[in-house]
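The values are calculated or read from the model by the stated rules, or taken from the named source; none is laboratory data. What you are looking at is a predicted structure, and each value in this text was computed from that prediction instead of being measured. With ideal geometry, Cβ positions are generated from the backbone for all residues, glycine too; neighbour counts draw on all protein chains shown. What goes into the accessible areas is simple: the full protein's heavy atoms, side chains included, and nothing from ligands, DNA or RNA. Shrake-Rupley method; radii C 1.70, N 1.55, O 1.52, S 1.80 Å.
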Amino acid sequence: MPDLSAVKEALKSQVIETPSWGYGNSGTRFKVFAQPGVPRDPFEKLEDAAQVHAFTAVAPKVSLHIPWDRVDDYAALNRHAADLGVRIGTINSNVFQDDDFRLGSVTHPDPMVRRKATDHLLECADIMDETGSPDLKLWFSDGTNYPGQDDIVNRQERLAEALSEVYGRLGDGRRMLLEYKLFEPAFYTTDVPDWGTAYAHCLALGPKAQVVVDTGHHAPGTNIEFIVAFLLRAGKLGAFDFNSRFYADDDLMAGAADPFQLFRIMHEVVGNGGLEPRANVNFMLDQCHNIEAKIPAVIRSVANVQEATAKALLVDTDALGAAQRSGDVLAANGVLMDAYNTDVRPLLAGVRAELGLAEDPFAAYLASGNQQRIAAARVGGEQAGWGA
């Protein structure tokens, strides 16, 4: 049976990074929905992230998105984060919202557009140095909509060339995290459509390049936990973008649509050393809260990841291994289901109490009145959001 004291310590040391854009206004292709109290700048986004960390104690890092979070003084932003008890995490690039990138960014047929896109990635590497961020995350919307629109192999060559230049710019202790996505906005070919493509490029680049697994970026029925296990074995799993989906890249709260899938993923993470510091896997939320309040939704997501992790830590690995070695299919599956069906809320409540926190962070935040105070304080000015 698992050692409960070890399980508690693992849960106390867990780190979940939250996204700055999760606190801003967002919406669908049809409408961006504004909410009262939404941050007006990156400094206020950090303040909202600090609320999540204050009520959970496991969310000290905040991802930035450039240019959405561009500021004149990153040292001041760093100081503000430190004063709030959080720190800047991953720097995310944006080469998908400029008109010049209509036919692609680093894979565009025009070398001048490719240069513009690559220069933005290099700017993000500069911002990493200014903020102390360890990771640069790259996602490309590049692709084609029609057969014959562009040469598939040439686009891969252009991609490799840009990645190589940016990789060479990385400082010591810095990583490049390459994200993939099955489709959208390109519908015929996507230049980085799956984990195999991302893995191949990262393998060619070297040890500082690793793969990001976004749980919403796969075809229906894809066995994401197999991808996780494979990349962990290869030492190429750099980060997660946790969210939930019913149909495609829905960006719903982590664990909302398929909590069993999140448990299965975390089982592979725990069983293959992914929680250990030496694995250096970054666990990040990548969500947009269109109709629900931002801070409570992020707190709920953090708690959902904690619950999946706790269940994964409770798997009786001795019993599981014995059943697997004997070929007892039902017993092996039963071990996993016993852990998944365990109500871990009392365990997590105890962990939080030992950390001096409320046992239910979601309810505690709502009862604190902070939501109302933040909304009252942020009257006037332009709210931050997509493209801000």
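Let me check I've understood the local charge: for Pro60, count other residues with C-beta under 10 angstrom from its C-beta, Lys and Arg +1, Asp and Glu -1. What total comes out?
With Lys, Arg at +1 and Asp, Glu at -1, the neighbours total +1.
Please work out the Cα convex hull volume for segment 67-112 and give it in Å³ per residue.
Taking the convex hull of the Cα positions in segment 67-112, it is 95 Å³ per residue.
So what's the convex hull volume per residue for the Cα atoms of segment 1-120, in Å³?
In segment 1-120, the Cα hull volume divided by residue count equals 180 Å³.
Where the convex hull is taken over the Cα atoms of segment 190-275, what is its projected area averaged over directions, in nm²?
5.5
If exposed GluC sites (Glu not before Pro) are those in a DSSP loop with at most 16 other Cβ within 10 Å, what is the longest stretch of the chain that has none?
1-291
log10 I(q)/I(0), Debye, Cα-only segment 72-190, no solvent, q = 0.17, 0.18 Å⁻¹?
-0.85, -0.92
Dividing the alpha-carbon Rg of segment 290-355 by 2.2 N^0.38 Å yields what?
Computed over Cα atoms of segment 290-355, the ratio equals 1.47.
Give me log10 I(q)/I(0) at q = 0.10, 0.11, 0.20 Å⁻¹ for segment 215-341, Debye formula, one equal scatterer per alpha-carbon, no solvent.
For segment 215-341 at q = 0.10, 0.11, 0.20 Å⁻¹, log10 I(q)/I(0) is -0.33, -0.40, -1.20.
Give me a comma-separated list of calculated 3J(HN,Hα) values for segment 151-160, in order, Karplus coefficients 6.51, -1.76, 1.60 applied at θ = phi - 60°, integers in Hz, x for any Gly or Pro.
So the Karplus estimates, Gly and Pro as x, are 7, 5, 5, 4, 5, 5, 5, 5, 4, 4 Hz.
Computed over the Cα atoms of segment 311-385, what is the ratio Rg over Rh, Rh following Kirkwood?
1.33
Using a 1.4 angstrom probe, figure out how much accessible area the chain has per residue, in square angstrom, rounded to the nearest whole.
Result: 44 Å² of accessible area for each residue.
If you take every DSSP beta bridge fully contained in the chain, what fraction is antiparallel? Give it as a percent rounded to 5.
Once the DSSP bridges in the chain are tallied, antiparallel ones form about 15 percent.
Return the sequence-ordered ³J(HN,Hα) values of segment 88-103 in whole Hz as given by the Karplus equation 6.51 cos²θ - 1.76 cosθ + 1.60 applied to θ = phi - 60°, using x for Gly and Pro.
Rounded to whole hertz, the list is 7, x, 5, 9, 9, 8, 9, 10, 9, 10, 8, 4, 5, 9, 4, 9.
Just to confirm my numbers, what's the Cα centroid distance between segment 310-388 and segment 13-54 in Å?
About 20 Å separates the Cα centre of segment 310-388 from the one of segment 13-54.
What number do you get for the chain when its Cα radius of gyration is normalised by 2.2 N^0.38 Å, N = residues?
0.99
Could you tell me the relative contact order of the chain? Use alpha-carbon pairs under 8 Å, at least six residues apart, and round to a whole percent.
Across the chain, relative contact order equals 21 percent.
Need one number: nm distance between label points at Arg40 and Thr28, each 7 Å from Cα along Cα→Cβ, rounded to one decimal.
A separation of 3.1 nm, rounded to one decimal place.
What is the sum of charges around Ser20, taking Lys and Arg as +1, Asp and Glu as -1, for the other residues whose C-beta is under 13 Å from the C-beta of Ser20?
0
Counting Lys and Arg as +1 and Asp and Glu as -1, what is the net charge of the other residues whose Cβ lies under 14 Å from the Cβ of Leu177?
Net charge around Leu177: +1.
If you count, for each residue, the other Cβ atoms within 10 Å and average over each peptide, how do 295-304, 368-377 line up from highest to lowest?
295-304, 368-377
Quick one: Karplus J couplings for segment 245-260, per residue in order, coefficients 6.51, -1.76, 1.60, θ = phi - 60°, nearest Hz, x for Gly and Pro?
Computed from phi, the couplings for segment 245-260 are 9, 9, 10, 9, 8, 6, 6, 7, 4, 3, x, 7, 8, 9, x, 5 Hz.
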